[in-house]
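Please treat every number below as a calculation from the coordinates, not as lab data. Since the model is a prediction, treat every value here as computed from it, not as a measurement. All Cβ positions, glycine included, derive from the backbone under ideal geometry; neighbour counts span all protein chains shown.
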Amino acid sequence: MRTISLLLLAITMWSSSCDTAPKEDDDMTGNLEITFKVRYDNAPLVLFEEIASGQSDPTSILFKKLEFFISNIKGGNAEGLTEFKDVGYISMANSLTTAAAEAGTTFTINKLPIGAYTSLDMGIGISDAVNGTVPGDYESGSPLGLNGNYWASWNSYILSKIEGDITQSNGTKSGFLYHSGVNGMQQLLSFSKDFEIEVGQTTTLTIYVEAKDFFFKTGSEIDMITESATHSGAVGSTDYNLAKRAIENLANAMSMES
């Protein structure tokens, strides 16, 4: 009986040690931080702070909100693309001081496969397939599970939000609001960048967003006085075209130092 008891004890201890042993998958992963820094004419963009537009009209701009979905986040190299994260949500709500705006907003992805990568791919907005789902399809912890990110009247998520005020040369003050949603608006980006995910380490990449390009980049201007607002709308409509231009400009305003 004593021999059997000792044998059972040894088996129990061996089993317990196996359960608590580190898993290889946990050991062979690293983390990635993607920091978004919004600037206007290369200066940190502070929300609710009036800034000179650099234009004859409007003469000044005040940003109140800048938010957007990111999606299909992948790392690329010669072997192909590696899935990093399906969706995330970026909000500049904390950019209320120069220091906070300079620090930017960071999105963290944990437990990624280690290795060397040469590009970071992502979408601004979400795919049409995902846009066909509803918040009830997701857990509350997902940005897709939040009703505030969904527009029930259009059966669509709000892919990006750009809001604020302007002051015209004649002193008139007015607001602007560009909410891009419905299908056909996701913008796909690929940043050429050499980076490495290392075991147990956190790699940081920075994406700069030039807010001036939302409205004033040659060839894709938005007249903030006559085109002051859109909630998207039916495909091909004036509202839809303006909303699409807004999210295109947002995506095209992003860059990463090589």
Point to revise | Residues of the stretch 27-64 satisfying the condition of being farther than 23 Å from Ala229 by Cα and assigned to a strand (DSSP E or B) | key: Thr29, Gly30, Asn31, Leu32, Glu33, Ile34, Thr35, Phe36, Lys37, Ala43, Pro44
Review point. Looking at the stretch 120-133, which of its residues are more than 19 Å from Lys74 (Cα to Cα) and surrounded by fewer than 16 Cβ atoms within 10 Å (Cβ to Cβ)?
Key: Gly132, Thr133
**Study point:** Within the stretch 140-258, strands (runs of 3 or more DSSP E) holding 2 or more residues that are small (Gly, Ala, Ser)
**Key:** 156-167, 173-181, 187-197
Review point. In the stretch 134-142, is there at least one residue being under 19 Å from Gly30 (Cα atoms) and either buried (at least 20 other Cβ atoms within 10 Å of the Cβ) or among the hydroxyl-bearing types (Ser, Thr, Tyr) (or both)?
Key: no
Review point. Got a sec? Which of Asp128, Asp121 is out of contact with any Asp or Glu (no Cβ under 7 Å at 6 or more places or on another chain), free of Cβ contacts under 8 Å to residues at least 60 places away in the same chain and of a type in the set (Asp, Glu)?
Key: Asp128
Check your understanding: Can you tell me which of Ala99, Ala78, Ala152 is within 23 Å of Arg39 (Cβ to Cβ), small (Gly, Ala, Ser), out of contact with any Asp or Glu (no Cβ under 7 Å at 6 or more places or on another chain) and surrounded by fewer than 17 Cβ atoms within 10 Å (Cβ to Cβ)?
Key -> Ala99
